[in-house]
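Bear in mind that the values in this text are calculations on the coordinates, not laboratory data. Just so you know, these numbers come straight off a predicted model, no measurement behind them. Here the Cβ positions follow ideal geometry from the backbone for every residue, glycine too, while neighbour counts run over all protein chains shown.
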Amino acid sequence: MKRLAIVLVLLLGACSSQPRGTNEPLPAPPPAGEPADLVGLSGPQLQAKLGMASFSRRENGSELWRYDSRDCRAFFFLYAEGGTMRVRHVETAPHGPTVAADPTCLSALRGKPASRTS
């Protein structure tokens, strides 16, 4: 039992000594079909177009903003670029027939501020 405890402590120590990457490279460019009028916008520009996000989360140098309409949800993934958070990818639920971001959903969100939820 004592040997097992020692092995577990050593394994946990090895895991905690792994450096955590804070300067990880940006993900690959978005696939073809990204909404050209939304990808590349800064956070304030996106908010000016769509209003306040229904939900947002920050994690590991990125942000997720979710906008809700009656029939769909849109997810905007923002990453730091030149000191500014910019939209790099957009998805909707449900997805479009051939792309991750359904144009009908995005059209429904334009100009309609979403109500804030927790």
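Descriptive notes on the structure:
- Residue match in the range 77-86 (condition: in contact with a Ser or Thr (Cβ under 6 Å, 6 or more places away or on another chain) and more than 16 Å from Leu26 (Cβ to Cβ)): no
- Selected residue (criterion: farthest from Ser54 (Cα to Cα)) from residues of the range 97-106 that are of a type outside the set (A, V, I, L, M) and in contact (Cβ under 8 Å) with a residue 60 or more places away in the chain: Thr98
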